[in-house]
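The values are calculated or read from the model by the stated rules, or taken from the named source; none is laboratory data. Since this is a predicted model, take the numbers as computed values, not measurements. Please note: Cβ atoms are built from the backbone with ideal geometry, for glycine as well, and neighbour counts cover all protein chains shown. These accessible areas exclude ligands, DNA and RNA; they are computed on the full protein's heavy atoms, side chains included. Shrake-Rupley method; radii C 1.70, N 1.55, O 1.52, S 1.80 Å.
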Amino acid sequence: LSQNILSQDTIYPISLVDSPPQFSVCSQFNTFQQKKCFEETIKSHISENIQFPQEAFELGISGRVLVYFTIDSNGEIDEIKSRSPHESLKKEAKRLITILPKLSPAKKDNIGVLSDDKIDSEQLLEEILKLLASPPYGKY
């Protein structure tokens, strides 16, 4: 019992869990493929749902956005933090993570655990940033 309580209070990096958090579309893959599917699903979600902030567009602001979030032991997104060159980009990053599809939690020793992830726009979202670097992007 104490191990379960400890597991639910400890934040595990995705790289250290036995099974990463996953979207339902990723469940048929092995663990390595699940991690890739997780990243691809987030990338696809962002490219389909992004709404480049009008204010940032008008000011010509773009740049690196880093988003950190945790996924609790029930698969819910929690504790979203972001850094970016402008508040409107931070708000959009938070909105995008908030509307992610439902996840299954990460597992360690077959127990759902709290895990964390971060999205670095320079690493995971390069093609999306290329789109955003060439305004106008999308509809306003």
Scan the range 7-76 for GluC sites (Glu not before Pro) in coil per DSSP, keeping those whose Cβ has at most 14 other Cβ atoms within 10 Å, and list them by number. Glu76
If the chain between Glu48 and Asp116 were fully extended at 0.36 nm per residue, the gain over the current Cα-Cα distance would be 22.2 nm
Lys91 to Glu55: extension gain in nm, 0.36 nm per residue of separation minus the Cα-Cα distance? 11.8 nm
Heavy atoms of the protein only, probe of 1.4 Å, neighbouring chains included. What is the accessible area of Asp109 in Å², nearest 10? 90 Å²
